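All of the numbers you see were taken from the coordinates with simple rules; none came from a lab. Since this is a predicted model, take the numbers as computed values, not measurements. Reconstructed Cβ throughout: ideal geometry from the backbone, glycine too, with neighbour counts over all protein chains shown.
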Amino acid sequence: MLISESSVFSPGEEGVYSNVAMRGRHADAYSMYKRGTRDYINAYDKEQGSGTFTEWTRSLNGLCKEIGNPSWKRSFLYILVASLASFLYGYHLGVINETLESISNDLHFNGNTMAEGFVVSICLGGGFLGSTFSGLIVDRVGFRRAFQLCALPMIIGSSMSATAKNLWGMLLGRLFVGTGMGLGPTLATLYVTEVSKRWLINYISVISQALLLFFHIFANSNLIHAQVSPAYVRGTYGSFTQIATSLGLMSSLLIGFPAKGTEGWWRICFWVSAVPAALLALFMEFSPESPHWLFKKGRAADAEAAFEKLLGGPYVKGAMAELSKSERGGEAETVKLSELLFGHHHKVVFIGSTLFALQQLSGINAVFFFSSTVFKSAGVSSQSANICVGIANFLGSFAALLLMDKLGRKVLLIGSFSGMVVAMGLQAASASSLVSSSNEVYLSVGGMLLFVLAFSVGAGPVPSLLLSEMFPGRIRAKAMSVCLASHWVVNFFVGLLFLRLLEQIGPLVLNAIFATFCLLAVIFVKRNVLETKGKSLQEIEMTLLPPE
C-alpha cells in the first residue's frame, strides 16, 4: 500500500471502488502538473477539506494494486550513482593505511609521527569544511550539482596527491580530497532519504533483493534472502550507503597489492580514485533532482517530472500528495543556525552531534588509518591484515542491511557499542605483560577484527540514517551538516594524535580510553536515542519535537 490508510481514513467509510472509478481517477493523475507549489498545496487542502481526498486516496491505493509496483529499474541506477560518493569516502578513508609507510619514505618524512598524523588527518580537516557548508550548498544548488561539486575536489586532490613531490604537496592534495569527503556522506544519506519516502516502499523491497544478489556475486558467498516487510524498509535501503563505504574501504586496502613491487606504487592508488569521482560527476548530469528539494523551491512541475522518472506516471500523484502533506506550512521557512543550537530543535541536534562524536571517539578510524602499523607490530603481514579488516567491515555492513528493520536502530547501536567495548578490552589485554607472546597476537588481531565487525553492524551505518529520520525536512540538510561537523573535528584529532599517543602512553592505556568512550556511548544511546523503526517521519517528528 503506497499511502497509509490509518493516517487518512476516517472510521466507518466504505472503501470499495470499481475499476472504472479507479481508472477515472488515474486519468486525472496529471491535473496539477503545471501548478506551482503553493497552488498544489492549496488544491490539496481543498480536496482534503471537501472530503474527497479520502476517497481519492483509497481509489489510488486500489489502482496501485491493480497496476502493480513501480519498476525498480527506474531508480536502481540512480541510487548506485549516488552511492559512489560513499564509495569514495570509504576509499579515501582507507587508502592511506597501506601506503603511508611508502609515502613517508619517498617524500622524506619517515619516522616523523606528527607529519604522518597530518597526512592522515588533513583530509579530515577538509572534511570539516565540506561538511559545514554541505547544508548551504544543497539548499542553494540542489543535490545533482552538489554531488558534482563533491566530485570536483576529489578529482583535483587525487591528482595532486598522485603527483606530490614533497610533504606539502601531499598535504594540499589530501586537503582538497577532504572537502569532497565532507560533502559526500551527507549528500548520499540525504539523497537516499529523499527518494525512499513511504510511496516507494513496495519497489524498495525488490531493490534490496537485487542488492543481495550483487553482494553474493562480489563476495562469492551463499545468497541470503532478506524477508523485509514492505512497511519497514527504510533502514534496509539506507544501509546501502554504508555498504558502498565498506566496498570503498576494501578497494583502497586491496588496490595497491598488484603494483606494490614497483617504484612509487602508492601513486597508482591515488590515480585510481579519480575514476569513480569523474563517473559520479558525469552520471549525476543524467540523474533526477530530489523531488523534495524541487518542491521546496516552488517547482512542483519539476518535482512531478522527477517522480515520473523515479516511479513512473501512475504513481506521481500519490507521491506529490504525500509530499504536499509533509511540506504544508513550512515550505517558505528558513532555519537559522541559532535555532538549531539553542531553539526548538536543539535536543535532536545535541543527540546527533554527541552520537557522531562518540562514534569517532570509539577509535574506529584509528583502526582504518593505522591497522597495517598495528598488525606489523604484532608480526602479522599488512596484506593479510587489510584483507581481514576489509572482510570484517563488509560482513558487518551486510548484517546491518538484514537487521536494520528487524531489530531496530537503537538495538543495533547498543549491541554494536557493547561489542566494541569487549573488542577494545581484548586489544588492551593483548598489551598486558600478563599475556604470553603467542596469545598476544590472537588477542590483538581478534580484538581488532571483532571491533571492526561490531562497528559496521551498528555504530557505523545507524547514526547517519537515524538522524536523517529524526530531523524534520525543512532543517534536515543544515542539521546534518552541523552534526557531521562534530564528526570531522573529533575524527581530525584522533587521526592526528593516534600515533603520538601510542608512543607516549602505550596501547594498553589508549585502548582502555577507547573502550571507555564506547561504554559511554552505550549509556548515552539507552537514555537519549529514540527507536525509529517502523515509524513514519511525521510520527518521529511529533515525538521529538512537540508543538511549541
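Some notes on this structure:
- Summary of packing: across the peptides 260-269, 511-520, the per-residue average of other C-beta atoms within 10 Å ranks them, highest first, as 511-520, 260-269.
- For the stretch 440-539, the list of GluC sites (Glu not before Pro) that fall in a loop by DSSP and count at most 16 other C-beta atoms within 10 angstrom reads Glu531.
- Note, ³J(HN,Hα) from phi for the stretch 411-423, Karplus 6.51, -1.76, 1.60, rounded to Hz, x at Gly and Pro: 4, 5, 4, 5, x, 5, 5, 5, x, 5, 4, 4, 5
- Remark: for residue pairs Lys317/Lys526; Lys347/Lys406; Lys297/Lys526, the C-alpha separation exceeds 30 Å in Lys317/Lys526; Lys297/Lys526.
- With the highest mean first, a sort of the peptides 288-294, 174-180 on other beta-carbon atoms found within 10 angstrom per residue produces 174-180, 288-294.
- In plain terms, the residue of Glu116, Glu308 with the fewest other Cβ atoms within 10 Å comes first and the most crowded comes last, giving Glu308, Glu116.
- Between Val441 and Ile513, the C-beta separation translates, for a Förster distance of 30 Å, into a calculated FRET efficiency of about 0.85.
- Between the stretch 99-150 and the stretch 248-270, the Cα center-to-center distance that results, in Å: 19 Å
- Efficiency of FRET between Arg145 and Ile268 - r from beta-carbon atoms, R0 25 angstrom, step 0.05: 0.25
- Gain in span if fully extended, Asp302 to Val422, counting 0.36 nm per residue against the direct Cα distance: 38.1 nm
- Sorted peptide list for 81-87, 151-157, criterion being average Cβ within 10 angstrom, highest first: 81-87, 151-157
- Residue order for Leu171, Leu282, fewest other beta carbons within 10 angstrom first, comes to Leu282, Leu171.
- Formal net charge of residues neighbouring Gly135 (Cβ-Cβ distance under 11 Å; K, R +1; D, E -1): +2
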